[in-house]
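To start, the structure itself, in structure tokens.
The values are calculated or read from the model by the stated rules, or taken from the named source; none is laboratory data. These numbers were taken from a predicted model, which means no experiment stands behind them. Heads up, the Cβs are rebuilt from the backbone with ideal geometry, glycines too, and the neighbour counts pull from every protein chain shown.
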Amino acid sequence: MARPEAEGHEIGEFSDPRLVAVYESINEYEIGTQPDFCRELATEIDASTIVDIGCGTGLITRELARLGYRMIGVDPSSEMLKVARSRPFGDRVRWLEGDASLVGDAGADLAILTGHVAQFFLTDDEWHANLVALHRALRPGGLIAFESRNPEAREWERWTRDVMRSVDDPEAGRIDTKTVFLDIDDHIVRFNSWYFFAATGEHIVSRGKLRFRSRAELTRTLADAGFTVVHVYGDWGRQRVRADSPELIVVAMRD
């Protein structure tokens, strides 16, 4: 069946229940990426309490709770948290609807921002306020870890209409999806995400914006909020950063 791009209901991705319901299928983590990295880091520092900012449906949050960590999951979407609470081990997590300022002085050992959450903070003020709130949530010497796409790799140039992928959701069936780059202005990339539900013929368009910060900018903004960068990796295998590295995976310590 054809998928005419002029049609479809245009919405915000994280507020639409239809997309939230299939979020984990569409954004499934590959083996050896974020979940494994977070588990390994938590083990290395002997963490007890972990804060997950922008936790979404809690895929990583609930896995860490299953392993026995005391978890605090924070997300601004009530729809996301509704799903998170209903999934296995959701009852072991303290869920907060809102932003990092709600966490307060938690004495946490580790704060994580996965799924490129760091890039959703578009303005300098938003990003700084989030980092300051996480500084308050962590114990002295606690770590913050997150990934941000490497702007030198210019990934947005590969977000074209011709690149389509398909996923299978246990309930919704096959979903065809693609991301289409629109423009970039002052390091902020605008794009549309397209979703076609084969079983129903439903076609949804989601608008999005992401901020691409350089390694130097991330280091500076962390320092401004009271953090010292410990490591920056270029991929989930902890390789060094190169110009074509897909990610900037940052681990920083609270001063």
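Brief remarks on what is shown
- Evaluating Gly104 against the criteria (1) in a strand (DSSP E or B); (2) at positive phi leaves one unmet condition, (1).
- Of the residues screened, Gly58 is not one that is modelled with pLDDT of 95 or more, within 16 Å of Leu134 (Cβ to Cβ) and among the small types (Gly, Ala, Ser).
- Residue count for the range 55-82 under the criterion of being surrounded by fewer than 20 Cβ atoms within 10 Å (Cβ to Cβ) and either in contact with a Phe, Trp or Tyr (Cβ under 6 Å, 6 or more places away or on another chain) or assigned to a helix (DSSP H, G or I) (or both): the result is 5.
- In the range 159-172, the count of residues that are farther than 20 Å from Ser77 by Cβ, in contact with a strand residue (DSSP E or B) (Cβ under 6 Å, 6 or more places away or on another chain) and polar (S, T, N, Q) is one or more.
- Within the range 234-244, if we keep just the residues that are within 25 Å of Thr123 (Cα to Cα) and of a type in the set (Gly, Ala, Ser), the residue that is surrounded by the most Cβ atoms within 10 Å (Cβ to Cβ) turns out to be Gly234.
- Counting the residues of the range 58-97 that are touching a Lys or Arg at 6+ places or on another chain (Cβ under 7 Å) and among the basic types (Lys, Arg) gives 2.
- Residue check for Phe120: aromatic (Phe, Trp, Tyr), over 26 Å from Thr219 (Cβ atoms) and touching a residue at least 24 places away in the same chain (Cβ under 8 Å): no
- All of Arg165, Arg242 fail the test of being in the same structural domain as Ile31 (by TED's automatic domain parsing), of a type outside the set (Gly, Ala, Ser) and more than 16 Å from Ala118 (Cα to Cα), apart from Arg242.
- Within the range 203-223, the residues that satisfy the criterion of being among the aliphatic types (A, V, I, L, M) and touching a residue at least 60 places away in the same chain (Cβ under 8 Å) are Ile204, Val205, Leu210, Leu218, Leu222.
- When the range 119-163 is filtered for residues that are out of contact with any Pro (no Cβ under 7 Å at 6 or more places or on another chain), polar (S, T, N, Q) and within 19 Å of Ile184 (Cα to Cα), the ones remaining, listed by number, are Gln119, Thr123, Ser148, Thr160.
- Scanning the range 69-110 for residues that are free of Cβ contacts under 8 Å to residues at least 40 places away in the same chain, farther than 12 Å from Cys55 by Cβ and of a type in the set (A, V, I, L, M) returns a single hit, Leu102.
- The range 137-233 holds strands (runs of 3 or more DSSP E) entirely within its bounds, and those carrying 3 or more residues that are buried (at least 18 other Cβ atoms within 10 Å of the Cβ) and in contact with a helix residue (DSSP H, G or I) (Cβ under 6 Å, 6 or more places away or on another chain) map to 138-149, 202-211.
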